[in-house]
Ligand SMILES: Cc1cc2nc3c(=O)[nH]c(=O)nc-3n(C[C@H](O)[C@H](O)[C@H](O)COP(=O)(O)OP(=O)(O)OC[C@H]3O[C@@H](n4cnc5c(N)ncnc54)[C@H](O)[C@@H]3O)c2cc1C
């Protein structure tokens, strides 16, 4: 059995890269990684610690051109005779994996949350409201893994890295500028998230959300209207039309819990809701509910965490 993992390393190795390699190693067999960009070999060889046997890098593809990436992954799959191709379920895989599925005549399972049981794989469906059991009938399968579904595990040592000519073809896009949020924990990968909604009344009140997030080492998020009004950047908007997240802890302050918001957060392992309205729908989805004013509760939570950290 040969498993090929595609990793997007253009901005370095992220937690999701270590997750997908760990996932592949649990499937078993020979684990090859294919990537593109400029990342130094001594960074890439660390993927061996998570179970990769080798990394192949096509340094000719320096952008997220999904046509070129599809060519590179398809040629890598043929080179290693891959029986399974694994992606992290992100924007790149959403564009590349369906094309690859046609090219390799391979069944595609999108949004997997567990290692396959034989040919059957559990996936999130209906925006996380149900779990589907998908059986793949083709001899080759493609799986995209939802971020935060498994913990990266170090099981081995560095592996070899080799240059790979994936016959990418000509680039169809030209990157003019790149803007990257700095110093923030990427929301899809965050294990802890503090989020707020219209109940916070205005952008000037986000300091208390950020204070709590800083104490916890959490990412910040928001409801859609908050991003639409311009109180917070759009990349923080979670929900059906925003980012879907699965953190270990999701703290929601001043968010009503509309179905479209829940669609993006109900995969969270623990949900804490702070709302003045005891009838707010979010309480039905909450593991812990605080009926109270976010303006009082958030600073008190931050203080309590500071004290807890100081005493430990
Ligand atoms: C097609 C479609 C897609 C959508 N996609 C998304 C999406 O992806 N994500 C998303 O979030 N929404 C989405 N929405 C919008 C969604 O339906 C809700 O309108 C939105 O989530 C409400 O945002 P909110 O909870 O911040 O605001 P509100 O509904 O105004 O709720 C504010 C909450 O704050 C509470 N509150 C007020 N003051 C305080 C206080 N001092 N302390 C504590 N609590 C307080 C109130 O009791 C209330 O529950 C979508 C809608 C549509 C139609």
When the range 119-166 is examined, which residues are found to be touching a strand residue (DSSP E or B) at 6+ places or on another chain (Cβ under 8 Å), closer than 15 Å to residue 83 by Cα and assigned to a loop (DSSP other than H, G, I, E, B)?
-> 119, 136, 137, 138, 140
Residue list for the range 266-280, filter: more than 19 Å from residue 220 (Cβ to Cβ) and near the ligand (Cβ under 8 Å from one of its atoms) = 276, 277, 280
Quick one: is residue 199 within 30 Å of residue 31 (Cβ to Cβ) and either part of a loop (DSSP other than H, G, I, E, B) or within 16 Å of the ligand (Cβ to nearest atom) (or both)?
-> no
Going through the range 281-303 in order, the residues found to be within 12 Å of the ligand (Cβ to nearest atom), over 23 Å from residue 204 (Cα atoms), in contact with a helix residue (DSSP H, G or I) (Cβ under 8 Å, 6 or more places away or on another chain) and part of a helix (DSSP H, G or I) are 282
When residues of the range 230-265 are filtered for being within 12 Å of the ligand (Cβ to nearest atom) and assigned to a loop (DSSP other than H, G, I, E, B), how many remain?
-> 13
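Check 310, 280, 304 and return the single one that is on the phi < 0 side of the Ramachandran plot and surrounded by 17 or more Cβ atoms within 10 Å (Cβ to Cβ).
Just a single option satisfies the conditions, and that option is 280.
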Taking the condition at pLDDT below 95, more than 14 Å from the ligand (Cβ to nearest atom) and either out of contact with any strand residue (DSSP E or B) (no Cβ under 6 Å at 6 or more places or on another chain) or within 27 Å of residue 149 (Cα to Cα) (or both), does residue 310 pass?
-> yes
Checked the range 202-225 for anything touching a strand residue (DSSP E or B) at 6+ places or on another chain (Cβ under 7 Å), within 15 Å of the ligand (Cβ to nearest atom) and part of a helix (DSSP H, G or I); matches are 209, 212, 224
For the range 244-260 the number of residues that are in contact with a helix residue (DSSP H, G or I) (Cβ under 8 Å, 6 or more places away or on another chain) and free of Cβ contacts under 8 Å to residues at least 40 places away in the same chain is 2
Restricting the first residue to the range 217-243 and requiring it to be touching a residue at least 60 places away in the same chain (Cβ under 8 Å) and more than 20 Å from residue 189 (Cβ to Cβ), which pairs with a second residue that is more than 11 Å from the ligand (Cβ to nearest atom) and in a helix (DSSP H, G or I) meet a Cβ separation below 8 Å and a spacing of at least six or different chains?
-> none
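Take residue 240 and tell me if it is closer than 30 Å to residue 79 by Cα, modelled with pLDDT under 95 and under 17 Å from the mean Cα position of the chain (by Cα).
Values: closer than 30 Å to residue 79 by Cα: no; modelled with pLDDT under 95: yes; under 17 Å from the mean Cα position of the chain (by Cα): yes.
Taking the combined requirement at face value, the residue does not satisfy it.
Residues checked against (1) surrounded by 20 or more Cβ atoms within 10 Å (Cβ to Cβ); (2) modelled with pLDDT of 95 or more:
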{"position": "185", "(1), (2)": "no, no"}
{"position": "192", "(1), (2)": "no, yes"}
{"position": "195", "(1), (2)": "yes, yes"}
{"position": "200", "(1), (2)": "yes, yes"}
{"position": "205", "(1), (2)": "no, yes"}
{"position": "208", "(1), (2)": "yes, yes"}
{"position": "213", "(1), (2)": "yes, yes"}
{"position": "216", "(1), (2)": "no, yes"}
{"position": "225", "(1), (2)": "no, yes"}
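The values are calculated or read from the model by the stated rules, or taken from the named source; none is laboratory data. Note that this is a predicted model, so its numbers are computed, not measured. A quick note on method: Cβ atoms are made from the backbone with ideal geometry, for glycine too, and the neighbour counts reach across all protein chains shown.
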